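Q: Sharing a structure, written as structure tokens. Questions coming.
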Amino acid sequence: MEEKKQKLIRIVGTIVVLALVIGGVYLLVRKDSQNRNNLSPSPSTQQSATLSVRDDDWIKGKKDAKVVIIEYSDFQCPACGYASTSLDEVYTTYPNDVALVYRHFPLSQHQFAFEAAVASEVAGETGKFWEVHDQLFANQDKLSHEEILNIAVALGFDRTDFEKKMNDKKYKDAVYKDQMESEDLKLDHTPTLFINGAEYTGNLDIASITAEVKKYL
């Protein structure tokens, strides 16, 4: 009888020890998981602010649209020209739900990209940013200083006055501001698209962008 009692005590003791060991392992795993979650990268406050619509942004659509697409782009970049066409189609399909924001990211290997960006800033002052934007992309394969001025004249600007403004520091600074932001975001290619603050890495065709946009509608 005493032997059975001792055996029962040993069994109960073993069960208690195992329960303590399992409980301890569980707590360690849970704590490690919580620590990992705390260390997981999350968008910085600065990045969130950068990817919000600003009062000085060139925007097509409503600032409070359900879907805001911010594009860092280069007027001499062929892929940017292709993306521009796709984005225009998406906006045309969802004019009440989608807003397009254009920001400058002229690459150094494109000779007239910066100059074209400055020209769009000059045009934007009189409400013709998107008109110049569209014409610069439509003629990107032949962009030059003269062609940029020809585009401006065709849209009603005085050639001499427009060219003079293109040398004005304030318009260049507007382009530099976007460039600095792209560096802060560590962007390395054009176009780079952000849809509601998340970088879009899919294809640039209409169907692919539309499919992504629908996720937010």
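The values are calculated or read from the model by the stated rules, or taken from the named source; none is laboratory data. Computed from a predicted structure; not experimentally measured. Here the Cβ is made from the backbone with ideal geometry for all residues, glycine too, and neighbour counts use every protein chain on show.
Q: For region 95-129, what are the residues that are surrounded by fewer than 20 Cβ atoms within 10 Å (Cβ to Cβ) and within 19 Å of the chain's Cα centre (by Cα)?
A: Once the filter is applied, which keeps residues that are surrounded by fewer than 20 Cβ atoms within 10 Å (Cβ to Cβ) and within 19 Å of the chain's Cα centre (by Cα), region 95-129 yields Asp97, Leu107.
Q: Now, a different point. Those residues that are surrounded by 12 or more Cβ atoms within 10 Å (Cβ to Cβ), assigned to a loop (DSSP other than H, G, I, E, B) and not charged (D, E, K, R), I need them from region 156-169; list them, please.
A: Phe157, Met166
Q: So the check is Cβ under 6 Å with 6+ separation or different chains; which pairs have a first residue in region 118-136 that's at negative phi and a second one that's among the polar types (S, T, N, Q) and modelled with pLDDT of 95 or more?
A: That search, which allows pairs on different chains as well, returns Phe129/Ser120; Val132/Ser120; His133/Ser120.
Q: Tell me, which helices (runs of 4 or more DSSP H) lie completely within region 53-155 with 1 or more residues that are polar (S, T, N, Q), touching an Asp or Glu at 6+ places or on another chain (Cβ under 8 Å) and more than 19 Å from Asp168 (Cα to Cα)? Spell out the reasoning first.
A: Details: elements: 78-93, 113-124, 129-138, 145-154.
Qualifying helices (runs of 4 or more DSSP H): 78-93.
Q: Quick check: is even one residue across region 171-187 touching a residue at least 12 places away in the same chain (Cβ under 8 Å) and at positive phi?
A: Taking every residue of region 171-187 in turn, none turns out to be touching a residue at least 12 places away in the same chain (Cβ under 8 Å) and at positive phi.
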